[in-house]
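Read the structure below first, then the notes.
The values are calculated or read from the model by the stated rules, or taken from the named source; none is laboratory data. Remember, predicted model here, so these are calculated numbers, not experimental data. Counting neighbours? That spans all protein chains shown, and the Cβs are built from the backbone with ideal geometry, glycine included.
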Amino acid sequence: MIGIIIGFACQSVVSNLVSGLFLIMERPVKLGDNINIGDVFGTVEEIRILSTTISATDGTYIRIPNEKVFTSNITNYVTHAARRIEYTIGIDYADDAGKAVLVINGLLASHPFVLKNPKPQVFVKELSPDAVNISILFWTPSTEYGDVRNEMLWRVKVALEEAGLSFGSPRRTVSFGSEPRLESRSAGESR
């Protein structure tokens, strides 16, 4: 009976050990990689035989058993040298969409971390009820992704405003029917 209990207890340890060996050989993640495993997002700090330690974005350290790491879907944000950034910006219908595209293309061409290949794309994506939506697609080195994404969004906003372009905003037309008529009745009248 004791052997069965020890066997079940060791099953998890052996599973984590085998998974750890496969992780070390296969290397789907490396130290320093920004990854997502299940609902955990962070940077790989340590890969041991039984577990992997991740530093989450909120500063906490999370130890994940290697069996879970090995059997989960892993999203590795830095395996490839570059990542694509995409925005959709809505400008007012009264503004010149061609001018907006030129302004944005100029910003992208001047930024050192916006890759020239693949070439950035800026185009009118759709005509929504509230704005002319412009799609902006460009690639940046994976190591610079977060900073470039935040910086370029702000730069696009400022450059469009400086060019005299305004952002589309929801518009609603509220109409009121004719005003209700009041009928006067004498005190003795019934409805």
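When the criteria are applied in full, ASP39 fails the requirement of being in contact with a Gly (Cβ under 6 Å, 6 or more places away or on another chain) and of a type in the set (D, E, K, R).
Filtering the stretch 31-55 to residues that are over 18 Å from THR79 (Cα atoms) and hydrophobic (A, V, I, L, M, F, W, C) leaves ILE49, LEU50. Screening the stretch 106-135 for residues that are free of Cβ contacts under 8 Å to residues at least 24 places away in the same chain and among the polar types (S, T, N, Q) and picking the one that is nearest to SER169 (Cα to Cα) gives GLN121. Does PHE41 fit the bill of being at pLDDT below 90 and over 22 Å from ALA81 (Cα atoms)? Taking the combined requirement at face value, the residue does not satisfy it. Any residue at all in the stretch 138-153 that's over 15 Å from ARG83 (Cβ atoms) and either touching an Asp or Glu at 6+ places or on another chain (Cβ under 9 Å) or free of Cβ contacts under 8 Å to residues at least 40 places away in the same chain (or both)? No, the conditions are met nowhere in the stretch 138-153.
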